[in-house]
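K.L.:
First the structure, then my questions, so here it is.
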Amino acid sequence: MIKHVTTALQKFADFKGRASRAEYWYFFLFNILISWGSVLIVSMISPTAASVINLVIGLGLLIPGIAVSVRRMHDVNKSGWFILIPIYNLILALTEGDKGDNEYGPDPYGEADPRFDFEKEAK
């Protein structure tokens, strides 16, 4: 999990290439845990501070979230603009990516460590 989140954060403004389902969903989970956890902890001290902290965290994770979403669309061989279509982008995010290379780059599982890829182990 940590490997996928750090990969998404390291490529925070990289809109080229592909992101695996694991990278996308672990980053999504990380976003939720950080947002809710910070609000829960800080709201005990000050509700106003909690909203400010949540805004700062949300803005800080906005660009990496968009970038990993675009790379996820590339993994299913679709344009990054498909993240703007509400239900269809969820279907694409749940869909298994293309095997091998596609027009957006090499398969993210082609170079990954299999110990961290639950999708490869399940097959």
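The values are calculated or read from the model by the stated rules, or taken from the named source; none is laboratory data. Note that the structure is predicted; figures quoted are calculated from it, not measured. All Cβ positions, glycine included, derive from the backbone under ideal geometry; neighbour counts span all protein chains shown.
K.L.:
Could you say whether any residue in region 80-92 is small (Gly, Ala, Ser) and in a helix (DSSP H, G or I)?
P.N.:
Taking region 80-92 and keeping what is small (Gly, Ala, Ser), we get 80.
Filter once more, so that each one left must be in a helix (DSSP H, G or I): 80.
Looking through region 80-92, at least one residue is small (Gly, Ala, Ser) and in a helix (DSSP H, G or I).
K.L.:
Next question. State the number of residues belonging to region 11-37 that are in contact with a helix residue (DSSP H, G or I) (Cβ under 7 Å, 6 or more places away or on another chain) and surrounded by fewer than 17 Cβ atoms within 10 Å (Cβ to Cβ).
P.N.:
Taking region 11-37 and keeping what is in contact with a helix residue (DSSP H, G or I) (Cβ under 7 Å, 6 or more places away or on another chain), we get 11-15, 17-24, 26-27, 30-31, 34-35.
In the following step, the residues that additionally are surrounded by fewer than 17 Cβ atoms within 10 Å (Cβ to Cβ) were identified as 12-15, 17, 34-35.
The number of residues fulfilling the criteria is 7.
K.L.:
Of the residues that sit in region 45-70 and are surrounded by 15 or more Cβ atoms within 10 Å (Cβ to Cβ) and polar (S, T, N, Q), which one is modelled with the lowest pLDDT? I'd like the intermediate steps shown before the answer.
P.N.:
Restricting attention to region 45-70, the residues satisfying the condition of being surrounded by 15 or more Cβ atoms within 10 Å (Cβ to Cβ) are 50, 53-54, 57, 61, 64-70.
In the following step, the residues that additionally are polar (S, T, N, Q) were identified as 54, 69.
Numbers: Asn54: 89, Ser69: 94.
The residue in question is Asn54.
K.L.:
Moving to a separate point now. I want to confirm something. Restricting to region 71-112 and keeping residues that are touching a helix residue (DSSP H, G or I) at 6+ places or on another chain (Cβ under 6 Å), more than 20 Å from Met1 (Cα to Cα) and touching a residue at least 24 places away in the same chain (Cβ under 8 Å), which single residue is surrounded by the most Cβ atoms within 10 Å (Cβ to Cβ)?
P.N.:
It comes out as Tyr104.
Results for (1) more than 10 Å from the chain's Cα centre (by Cα); (2) of a type in the set (Val, Ile, Thr), shown as yes or no for each residue.
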position: Val5; (1), (2): no, yes
position: Gly17; (1), (2): yes, no
position: Arg21; (1), (2): no, no
position: Tyr24; (1), (2): no, no
position: Phe30; (1), (2): no, no
position: Ser35; (1), (2): yes, no
position: Ala50; (1), (2): yes, no
position: Leu59; (1), (2): yes, no
position: Ile66; (1), (2): no, yes
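K.L.:
Can you work out which of the residues in region 1-20 that are touching a Pro at 6+ places or on another chain (Cβ under 9 Å) and touching a residue at least 60 places away in the same chain (Cβ under 8 Å) is nearest to Gly65 (Cα to Cα)?
P.N.:
Here the residue is Ala8.
K.L.:
Among the numbered criteria (1) under 20 Å from Tyr109 (Cβ atoms); (2) modelled with pLDDT under 90; (3) in a helix (DSSP H, G or I), which single criterion is violated by Val42?
P.N.:
Evaluating Val42 over (1) under 20 Å from Tyr109 (Cβ atoms); (2) modelled with pLDDT under 90; (3) in a helix (DSSP H, G or I) leaves (1) as the failure.
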